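J.: This structure is in structure tokens; I'll ask about it shortly.
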Amino acid sequence: MQHLGFTYDAMEQMRTVIEEMAQRIEQIASSKDKIVVKYDSDGDGLSGALILYRMFVKLKKDADATFVQSPSPVYRVEDAMRDVEIFPNAHFIFIDGENNDDSEDGLAILRKSAKTISIIDHHLSTRKKAPGEIVVTPIWHGLGYEYTSGFLCYEIARRVCDADYEMLWKASLYCDKSTLEYEITEEIEEVGLVLDYISTVMNHEKHSIEFIDKLISSREMRRVEYLSAKDSIDMATRLALSIARWSTLANGTVVVLVEVGRIVESGEFPPRGKVTGRVHDAFIEKDECKGKAVVTIGYTSDSLMVRANKKALEAGFNGNSIIEELKKEMGNIIISGGGHAGASAMKFVRGFDKVVIDAFVRKIAAVG
Ligand SMILES: [Mn+2]
């Protein structure tokens, strides 16, 4: 294993676990054992999977490695029962999910059959790792979500062997909107969008990781996917703009409401958050909104996504704080939520969209 520095100095705090994970991969690669890599169905999960795939190809171990897109970030009992049956005595590596309490029952079942279990994840987690398990997460080392799963895979993989990881780890940061400093080139934007796109649309088609790797590596093929992705976004945005409605509150803030749930189904491309963002971007360019605070709310029957412009933030709007207040005030109706001042989202009990939006808009009206 190579002793290397870190791309971002703060990650020194994770050195022990990252080197431990690199060593485990080396041990597995030198054995005849089978490996199963399960990755989350988004650009970050897929970029991590591609990084490990390229690493296994270099190690000539790819023939023993099976890559499977996880149906959800929670490892359910039924997933575990299938895995135990299909992949007995394998080493399992989970990317971008599974380090959560809800996965505990599934992991407990897998533990009886798997040779080893490793988890590479960056979501908030209060679970405790089981003996023998390696869990690589910035969350347990005083670091944050900005160190994405694909990026963590990169720090692990490059200690095992060199391969072409460069675009992939940056695309992973791009896909998860990491706040870490890196240069976003057109190519990274393209790779990122294509990874997001194919991890959503190919979910139903089940292409092999080899095929996805070829597609990403070929400029021409990637370009075609990129244009399709862009086209889906443009079409969804046009539709969303045609049903968006807006009003100006007494404090001068323009509130844009758009039912994105009518435009795209859950789990389809483009994600509703992206559509909300596009509608927001289009509205702040409109003459009616010039120089005004603008807050855009995209919603479905059980979720809400919020974007705010600079003017709104300067006036004191903070989407994350409002969500925290609503969690306290509305009790069990709010299931989860959070984010930043300018971009946030929440989940609530299905059918409460009108109630939650009314409460949210009242909070916006009280700003300033
Ligand atoms: Mn992620």
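J.: Quick one, what does Rg over Rh come out to for the chain if you take C-alpha atoms and the Kirkwood Rh?
T.: Rg divided by Rh gives 0.99.
J.: Continuing with the same structure: To test your reading of the geometry: what angle, between 0 and 90 degrees and rounded to tens, separates the Cα axis of helix 353-365 from the longest principal axis of the chain?
T.: Taking Cα atoms only, the helix is inclined about 70 degrees.
J.: May I ask for the distance between the Cα centers of segment 33-90 and segment 265-337, given as a whole number of Å?
T.: 34 Å
J.: Could you rank the peptides 284-293, 38-47 by their average count of other C-beta atoms within 10 Å per residue, with the highest value first?
T.: 38-47, 284-293
J.: Let me ask something additional. Provide the FRET efficiency to the nearest 0.05 for the THR126-ASP105 pair, computing r from the beta carbons and using R0 = 22 Å.
T.: Once the sixth-power term is evaluated, E becomes 0.90.
J.: Something else: Going by average Cβ density within 10 Å per residue, which order do the peptides 211-223, 255-267 take, highest to lowest?
T.: Highest-to-lowest ranking by the protection proxy: 255-267, 211-223.
J.: Measuring from label point to label point, each 7 Å out along Cα→Cβ, what is the LYS328 to SER266 span in nm?
T.: Simple spin-label model gives 2.9 nm for this pair.
J.: Sticking with this one: With 24 Å as the limit, write out which pairs from LYS170/LYS274; LYS38/LYS170; LYS129/LYS274 have Cα-Cα distances beyond it, or answer none.
T.: Beyond 24 Å between Cα atoms: LYS129/LYS274.
J.: With a cap of 16 neighbouring Cβ atoms within 10 Å, and only residues DSSP puts in a loop, list the trypsin sites (Lys or Arg not before Pro) found in segment 317-368.
T.: For trypsin sites (Lys or Arg not before Pro) across segment 317-368 that sit outside H, G, I, E and B with at most 16 neighbouring Cβ atoms in 10 Å, the list reads ARG350.
J.: How big is the Cα convex hull of segment 243-365 in projection, averaged over all directions, in nm²?
T.: Here the figure is 6.8 nm², rounded to one decimal.
J.: If R₀ is 35 angstrom, what is the calculated FRET efficiency for the pair GLU85 and ASP281, using the beta carbon separation as r and rounding to 0.05?
T.: 0.15
J.: In addition: Which residues among segment 290-312 fall inside the zone where the amide N is under 19 Å from a point 7 Å beyond the Cα of ILE243, along Cα→Cβ?
T.: 296-307
Bear in mind that the values in this text are calculations on the coordinates, not laboratory data. Keep in mind that this is a model prediction, so the values were computed, not measured. As a convention, Cβ positions derive from the backbone with ideal geometry for all residues, glycine included, and neighbour counts pool all protein chains shown.
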